[in-house]
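Heads up: the structure comes next, in structure tokens.
The values are calculated or read from the model by the stated rules, or taken from the named source; none is laboratory data. All values derive from a computational prediction rather than experimental measurement. Don't worry about glycine lacking a Cβ; one is built from the backbone with ideal geometry, like all the others, and counts go over all protein chains shown.
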Amino acid sequence: MPETTVRALVYGLVAGVSNAGQVHDYERWANDWTTFLARFKTSISGSDVVRGWTITCAGWTQDHGVRSYTYKVRGYFGLDDSAASEQTAIGIVEDVCEALNTSDDFDDVETAELTIFEPRLFGSTLCHYAEITFRPAMAEVF
């Protein structure tokens, strides 16, 4: 299965998570605030927040006709200490991992793992940054 097909499956799983925000199937960049907001601002329960995901293929290995892709699924959540936003963010990260881990779309899956969760500046906004490493295997002779 081509990488673009696998990426589309990963995208669909992340986008299917409730309140995930905007999901992009590649790394997005913005040089100005207007573009940044267009790509990562969403409305959750009537409030505008920074919340979004990007998906990128970080590489693959191949053994006996099985290609194992490595994806970095990165989440960005506007940080709001007064709203305990860390708890909301980690809950959504768990939901994304669960969606990836329980999908029947892949022949084999090494567990999606949260490898980074920390505050980071994203644009000029302090965010909770999450990085999930996910390695689905697709059996196919190449």
Exercise. Residue check: is residue 133 more than 16 Å from the chain's Cα centre (by Cα) and not acidic (Asp, Glu)?
Worked result: no
Exercise. Any residue in segment 94-103 that is more than 16 Å from the chain's Cα centre (by Cα) and surrounded by 13 or more Cβ atoms within 10 Å (Cβ to Cβ)?
Worked result: no
For this session: Can you give me the number of residues within segment 108-136 that are closer than 23 Å to residue 37 by Cβ and part of a strand (DSSP E or B)?
Result: 12
Problem set entry | Some residue of segment 55-62 being under 17 Å from residue 130 (Cβ atoms), modelled with pLDDT under 90 and not basic (Lys, Arg) | no
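Okay, residues lined up against (1) under 15 Å from residue 7 (Cα atoms); (2) in contact with a helix residue (DSSP H, G or I) (Cβ under 7 Å, 6 or more places away or on another chain):
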{"residue": "26", "(1), (2)": "yes, no"}
{"residue": "32", "(1), (2)": "no, no"}
{"residue": "66", "(1), (2)": "no, no"}
{"residue": "69", "(1), (2)": "yes, yes"}
{"residue": "72", "(1), (2)": "yes, no"}
{"residue": "83", "(1), (2)": "no, no"}
{"residue": "106", "(1), (2)": "yes, no"}
{"residue": "123", "(1), (2)": "no, yes"}
{"residue": "132", "(1), (2)": "yes, yes"}
Exercise. Is segment 125-135 home to any residue that is among the aromatic types (Phe, Trp, Tyr), touching a Lys or Arg at 6+ places or on another chain (Cβ under 7 Å) and either surrounded by 20 or more Cβ atoms within 10 Å (Cβ to Cβ) or at pLDDT 95 or above (or both)?
Worked result: yes
For this session: Only residues that are among the hydrophobic types (A, V, I, L, M, F, W, C) and in contact with a helix residue (DSSP H, G or I) (Cβ under 8 Å, 6 or more places away or on another chain): list them for segment 110-121, please.
Result: 112, 114, 117
